[in-house]
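A short reminder: the numbers here are calculations on the coordinates, not readings from a lab. Here the structure is a predicted model, which means the values were calculated and not measured.
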C-alpha cells in the first residue's frame, strides 16, 4: 500500500505543478514545482508515518516520492531548456531552412533569450543600458556559492564576486 500512496502523492504533485505553471506567477517552473512538491512530500511522510509508523516502508515511501519528483523536475527542465528538444519541436510538422535555424539558435539570440528569462523571473532588472542583479538573484547566487564551496568546485574567472551590473547583450 505504501507504494500506491507514493505514486498517488507523486501524481498529485505533477497535477499541482501543471496547475501552478498555468497561473501568472513571477517565479520559474522549478520554484513552482518546489511549492507543490515539498508540502506534498511532507504530507506524504506524515500519512505514511500514521499508516505504518516509523519503519523501513515509511522511509522507502518518502525517499521514493523524493526520487520520483526529482526525476520529474529533471525531465521537465530538460524538455523546457534543451536546445535539441526545442529544435525538434520547432521542426515537427514543418521545415526550417539552415538560415532560419541559425537565426533562432545564434549565440546572440540565445543570450537575449536568457536575459529575457532572467528578467521575467525577477533575477535581473533593466536599468538604462545595463542589467542589475536583484536581491532575489543574490539569494540564489549565495546558494550556488555555498554548493560550489561544499563540493570544492573551482572558481571560474570573474565568478568570485556577484555581478552587480552586466552589459546589455547588444554590447557583448
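Some notes on this structure:
- Angle in degrees between helix 56-81 and the longest Cα principal axis of the chain, rounded to the nearest 10: 20
- For the pair the range 104-145 and the range 40-87, the centres of their Cα atoms are 29 angstrom apart.
- Over the range 73-123: Kirkwood hydrodynamic radius from C-alpha pairwise inverse distances, Å: 12.2
- Percentage of interatomic Cα-Cα distances in the range 2-81 larger than 23 Å: 22
- Matching label, Cα Rg over 2.2 N^0.38 Å computed from the structure shown, candidates (i) 1.59; (ii) 1.32; (iii) 0.98: (ii)
- Helix-derived mean residue ellipticity, 222 nm - over the chain, DSSP H n ≥ 4, -39500 (n - 2.57), to 500: -22500 deg cm²/dmol
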